[in-house]
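S.K.: Below is one structure. I have some questions about it.
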Amino acid sequence: AVSASIAQFGMTPEQFKECVVRHLHVSLGTDENKASKKAWWNATCAAVNEIVFERATKTQKTHFQKDTRAVHYLSLEFLMGRFLKNNLTNIGLTEVAAQALEQLDLDFNEICEEEPDMALGNGGLGRLAACFVDSLATLGYPAIGYGIHYEHGLFTQEIKHGRQLERPDSWREYGNPWEICRPESIQEIPLYGYVETKYDENGRIHKEWHPGRIIKGVPWDIPVVGYGAKTVNILRLWESRASDFFNWDVFNAGGYLDAQVENVQAETISKVLYPNDNTDAGKELRLIQQYFFCACSIKDIIRRYKRAHGDNWDNFPAQVVMQLNDTHPAVAIPELMRILVDRAELDWDKAWGICQKVFAYTNHTLLPEALEKWSVRLFEKVLPRHLEIIYEINSRFLEEVVEPAFPDNDEVKRKLSIIEEGHEKMVRMGNLCVIGSFKVNGVAEIHSKLVKSDLFPEFDKIWPGKLTNVTNGVTPRRWLKSCNPALSNLISKHVDEDWPVHLDKLQKLNDLADDKKFQKEFMQIKHDNKVELAKVIKELTNVDVDPTALFDIQIKRLHEYKRQQLNLIHIMALYRRLLQDPDYDMPKRVFIFGAKAAPGYYMAKEIVYAINKVADKVNNDSRIKDKLKVVFLPNYRVSLAEKMIPAADVSEQISLAGKEASGTGNMKLALNGAVTIGTLDGANIEIAEEAGEDNVVIFGLTVDEVKAKKAEGYNPWDYYYANEELKAVLDWFDTDYFTPGKPGELAEIKRSLLDYGDTYMTLADYASYSDAHKKIDALYQDSAKWARMAIVNTATMGKFNSDRSIQDYVNNIWKLDPCNVE
Ligand code: 26Y
């Protein structure tokens, strides 16, 4: 069905070329002689959009006419990356476009490089949202993604003298061809002010919120093209502006300048993405961002519902499900209650019944510092009516649900209460989400198990079955077909060509895992991809790396729990071994990092610096004869990931067991034939199950062993004194070996691993990690064995198709029907 629909856009390169040239003239106002590469890129996008916008309109119309139930994916982050190549892949016109541009003497890849990444997200959670909207459209489900139209996405990272510098990201400074402004769907959003209590003639209480400010929300629509391009869904992102009528008052009062100040404040809301990943800062502007986009989205959803169903709310839960991407959009729950109770004047129980049928919540982390809490004081200032509603939800929950389940148990009540009592009272957004949702899911088997047993055990007892699992996935369209065309073509020679939508079909490659010819072809492609990455490395860092070396890649946000520092100390140990014994037996190795540190995360930035200083020293030390290279690629982002992942031999997934909820980079790397070195954490466990124990290298403490060791009192010094190599490497941080003339510049890293308690048990896992790498070395030196492992990894990753994740959500949570468009 998919390839048939692709044929429907059957276009010749000549036709596509004509279309591009026409747009160069009529849309870009230039011509073939003057056009910059940027103009060519814009014109190519415009050509693609002739198909995309048409399909988007048709899809929206069909969904409206059939009055379909839809999922509304609420997320503060969508890490979309680039669109051009992806949309061409999904429309099935990549080859046609490449040939058309060639006829114009242009290089397709070079033109694609003109596109800035749309980086409206931090890491895993934001990229997951992007993979999910791709899969929803591919599977033909009615869905809309809601988020914020940030002016500045995640900062651009530069490395200067080894340190991270942050520069603003201006992804749409010169316009963005993929988005359309929809002023006809603007929403007005209240903030601040106070609540008035009124009584009607029957003595019924009524609350009226008198806001202190009104903000305008302007929607921008971005089409999301499904593979095969039958369904094109919409990602709707809200931009904040000053409200016209509100400013009019100020203006009439003579406050022209004040009005401008108000404008700036209003526009600040969607100005910038918060760059924290897995650490909550609790800032007022962030709460306002959360409320702003939730309120806009709910108004938008209700407007659409009323167009089909009028003022009758009875069908609302049948038509609408809202998925909360972590607790970030949790304020949507009291917002819907406010609209139902204060505006629609439903009675509380009826309103709450609706809410509890509409919301579902995904938990992405167990880390205490990432669990959102807002001070009651701040909540009351920004959203006074919502705070009242939260108190009401809470008191009814404690009385009607907790008391019967745990009679007279104040300790459990204290734990489950949405309000945390203490020095400063806090609103716990996680508890609010569990109480207000009909389903709660973790993102990998082990994570979901820990959500039940450690994070919310009492909730699991109160509502058995509410807490569940949906293992994450990644879209094979972007993360294999589009980013690794050579491997994709090889696969298509041996597997039905609809493998990008039936990824389980890759299993057929298992039969070829020992086939000499296939091994040779597979590994030749890996080599070619490494040659390409080596060029990128040279360009970005001026470091020469040998493509025949083993490429070992760790790409993810910089966080102590992800343990880039474990990778680093092991690299230092290898360096030391080579210095002590120039004949030390190991294959040539290149260690490659990509990672952004949150700008306020001190230790993460120290680790970035340490990696770069070690890299400087190692890469320029002729004594080790290029047997070891270390590369930190600056500004890691989706488009850079697309170049790194196809070139990886080894995938580093080395978080402390129990800390990484799932991981998704692990899936992308394995899918492209990298062998995982990893702990039994998150989705690594399921990857090992699928690929088989022989095709991954597992090391380190298990979740249970971590718990036991913590309980008995973990002491990192024991490991320091017990391991001569580990001690020597850690002591290196006190010297000026890697920071000439500046002894102790890296000493904080050693301190964090010893004096500050080694929160993530890096030293406890060191010996086992080092052994695991020795195993990798031996396997790599047997090239047939290695090829077999790489192939089996690609062959067995079918489970991690995000289509499977979406189908799990549909079956167990959303209960949607696919909708045929045309
Ligand atoms: C509270 C706020 C500052 C905050 C902002 C971003 C908190 C958390 C985050 C981001 C979390 C995140 O990206 N979590 C990751 O989600 C992935 C998708 O489920 C998982 O694969 C990954 O293990 C998890 O760390």
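Every read-out reported here was derived from the displayed coordinates using simple, explicitly stated rules and does not represent laboratory data. Bear in mind the structure is a predicted one, so any value in this text is a computation, not a measurement. Cβ coordinates were reconstructed from backbone atoms using ideal geometry, including for glycine residues, and neighbour counts include every protein chain displayed.
S.K.: Of all the Cα-Cα pairs you can form in the range 543-806, what percent are over 29 Å apart?
M.R.: 27
S.K.: Under 1.5 on a/c is rounded, so check that first for the range 125-269, then, if it is not, pick prolate when a/b is larger than b/c and oblate when it is not; a ≥ b ≥ c are the square roots of the alpha carbon gyration tensor eigenvalues.
M.R.: oblate
S.K.: Would you work out the relative contact order for the chain, in percent, from Cα pairs under 8 angstrom that are 6 or more residues apart?
M.R.: The value is 14 percent.
S.K.: While we're on this one: So what are the ³J(HN,Hα) numbers for the range 75-87, from phi and the Karplus equation (6.51, -1.76, 1.60; θ = phi - 60°), rounded to whole Hz, Gly and Pro as x?
M.R.: 8, 6, 9, 9, 9, 7, x, 8, 10, 4, 5, 5, 5
S.K.: Cα centroids of the range 727-790 and the range 173-230: how far apart, whole angstrom?
M.R.: 50
S.K.: Continuing with this model, one more query. Determine ³J(HN,Hα), in whole Hz, for all residues of the range 737-744 in sequence, where each value follows from phi through the Karplus function 6.51 cos²θ - 1.76 cosθ + 1.60 and θ = phi - 60°; x replaces Gly and Pro.
M.R.: 4, 9, 10, x, x, 10, x, x
S.K.: Which entries of Lys659/Lys710; Lys562/Lys659; Lys38/Lys556 have Cα-Cα distances beyond 18 Å here?
M.R.: Lys38/Lys556
S.K.: Okay, next question. What residues have an amide H closer than 5 Å to that of Val675, excluding those fewer than 5 places away on the same chain, when H is modeled at 1.01 Å from N in the peptide plane?
M.R.: Amide H neighbours of Val675, under 5 Å, 5+ apart: Val650, Ser651.
S.K.: Amide H neighbours of Phe632 under 5 Å, counting only residues 5+ apart in sequence or on other chains, H built in-plane at 1.01 Å?
M.R.: Phe593
S.K.: Assuming R0 = 30 Å, can you tell me the calculated FRET efficiency for the pair Ala747 and Glu424, based on Cβ-Cβ distance, to the nearest 0.05?
M.R.: Rounded to the nearest 0.05, the efficiency is 0.30.
S.K.: Give the lysines reachable from Lys785 as a straight Cα distance under 17 Å; neighbours fewer than 8 places away on the same chain don't count.
M.R.: Once the sequence-local lysines are set aside, what remains near Lys785 is Lys516, Lys517, Lys520, Lys526, Lys774, Lys775.
S.K.: Kindly state, to the nearest 0.05, the FRET efficiency for Arg396 paired with Asp771, given R0 = 60 Å and r defined as their beta-carbon distance.
M.R.: It comes to 0.60.
S.K.: Evaluate the relative contact order of the range 543-806 (contact order divided by residue number), counting alpha-carbon pairs under 8 angstrom at least 6 apart; express in whole percent. Working shown, then result.
M.R.: Numbers: 402 pairs, mean separation 57.0, N = 264.
It rounds to 22 percent for the range 543-806.
S.K.: Going by a ≥ b ≥ c, the root eigenvalues of the Cα gyration tensor, does the chain fall in the rounded group (a/c under 1.5), the prolate group (a/b larger than b/c) or the oblate group?
M.R.: Cα axes put the chain in the oblate bin.
S.K.: Give the distance, in whole Å, between the Cα centre of the range 534-554 and the Cα centre of the range 656-707.
M.R.: Rounded to whole Å, the Cα centres lie 25 Å apart.
S.K.: A further question follows. With the crude spin-label approximation of a point 7 Å out along Cα→Cβ, what separation in nm comes out for Leu540 versus Lys350?
M.R.: 5.7
S.K.: So, in nm, how far is label Lys61 from label Glu497 when the simple model puts each one 7 Å beyond its Cα toward the Cβ?
M.R.: Here the modelled spin labels are 3.0 nm apart.
S.K.: Label the range 647-737 by shape, choosing from rounded, prolate and oblate, from the square roots a ≥ b ≥ c of the eigenvalues of the Cα gyration tensor; if a/c is under 1.5 it is rounded, and otherwise prolate applies when a/b is larger than b/c, oblate when it is not.
M.R.: Cα axes put the range 647-737 in the oblate bin.
S.K.: Could you calculate the contour length gain from Glu102 to Arg22, that is, 0.36 nm times the residue separation minus the distance between their Cα atoms, to one decimal place in nm?
M.R.: 27.1 nm is the gain from fully extending Glu102 to Arg22.
S.K.: For Asp514, Asp200, Asp552, which order do you get if you count the other beta carbons within 10 Å of each Cβ and list the fewest first?
M.R.: Asp200, Asp514, Asp552
S.K.: Mind counting lysine pairs for me in the range 424-471? Cα separation below 18 Å, and the two need to be 8 or more apart along the chain or on different chains.
M.R.: Count of close lysine pairs: 8.
S.K.: Could I ask something else about it? Scan around His152 for amide H atoms under 5 Å from its own, H built in the peptide plane at 1.01 Å from N, and keep only partners 5 or more places away or cross-chain.
M.R.: So His152 has HN proximity to Val272, Leu273.
S.K.: Any chance you could run the full-extension gain for Leu165 through Asp311? It's 0.36 nm times the residue separation minus the Cα-Cα distance, nm to one decimal.
M.R.: Values: separation 146, 0.36 × 146 = 52.56 nm, distance 5.29 nm.
Taking Leu165 through Asp311 to full extension adds about 47.3 nm, to one decimal.
S.K.: Sticking with the crude label model, points 7 Å out along Cα→Cβ, report the distance from Gln580 to Arg303 in nm, one decimal please.
M.R.: Distance between the two pseudo-spin positions: 6.9 nm.
S.K.: Report, in deg cm²/dmol and to the nearest 500, the calculated mean residue ellipticity at 222 nm for the chain, where each DSSP H run with n ≥ 4 adds -39500 (n - 2.57) and the sum is divided by the residue count.
M.R.: The helix-only estimate for the chain comes to -14000 deg cm²/dmol at 222 nm.
S.K.: Another question, if that's okay. Considering only DSSP beta bridges where both residues belong to the chain, give the percentage that are antiparallel (nearest 5). All intermediate terms of the calculation are to be shown ahead of the outcome.
M.R.: Details: 37 of 82 bridges.
Given both bridge residues lie in the chain, the antiparallel proportion sits at roughly 45 percent.
S.K.: What ³J(HN,Hα) values, in whole Hz, does the Karplus curve 6.51 cos²θ - 1.76 cosθ + 1.60 give for the range 410-416 when θ = phi - 60°, with x put for Gly and Pro?
M.R.: Karplus-based 3J(HN,Hα) across the range 410-416 equals 5, 5, 5, 4, 4, 6, 8 Hz.
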